[in-house]
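Asks: Below is one structure. I have some questions about it.
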Amino acid sequence: MTTSLPPTHTALTVPEVMDALKLSRFMVYNLIRSRELPSITIGRARRVPAESLRTFMEAKLEEAA
């Protein structure tokens with residue numbers, strides 16, 4: 001699976017996840033809050049590991065199949 005994310009990114013910001021999934025900030029935070037999309041907090045910054053985003057997308061593709 002290919003994504004539009006640069007390979008150097010290992011932790012994505014919420015706006016980067018919003019752009020990758022074409023979702024609103026509200027929806028991304030709902031996914032994080034419901035633990036469907038794992039994330040980490042560093043200080044006040046929320047980051048989503050790129051691998052977590054890939055895993056999430058693959059799981060959603062399998063559900064749809």
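The values are calculated or read from the model by the stated rules, or taken from the named source; none is laboratory data. Everything quoted here is computed from the prediction, not taken from an experiment. In this analysis, Cβ positions are derived from the backbone assuming ideal geometry, glycine residues included, and neighbour counts consider all displayed protein chains. SASA here: full protein model, heavy atoms, side chains in, ligands and nucleic acids out. Shrake-Rupley method; radii C 1.70, N 1.55, O 1.52, S 1.80 Å.
Asks: Tally Lys and Arg at +1 and Asp and Glu at -1 over the other residues with C-beta under 13 Å from the C-beta of Arg33: what net charge comes out?
Replies: Net of charged neighbours comes to +2.
Asks: Still on this structure, I have one more. What does the C-alpha gyration tensor say about the overall shape of the chain? Classify as rounded when a/c is under 1.5, otherwise prolate if a/b is larger than b/c, or oblate.
Replies: In terms of gyration-tensor shape, oblate.
Asks: While we're here: How large is the helix-only mean residue ellipticity at 222 nm for the chain, computed as the sum of -39500 (n - 2.57) over DSSP H runs with n ≥ 4, divided by its residue count, in deg cm²/dmol to the nearest 500?
Replies: It lands at -15000 deg cm²/dmol.
Asks: Under a 1.4 Å probe, what is the accessible area of the chain per residue, stated in Å²?
Replies: Computed with neighbouring chains in place, this is 71 Å² per residue.
Asks: Counting pairs of alpha carbon atoms under 8 Å apart in space and at least six apart in sequence, what relative contact order in percent does the chain give?
Replies: Across the chain, relative contact order equals 32 percent.
Asks: Give me the net charge for the shell around Glu16: Cβ to Cβ below 15 angstrom, other residues only, Lys and Arg +1, Asp and Glu -1.
Replies: +3
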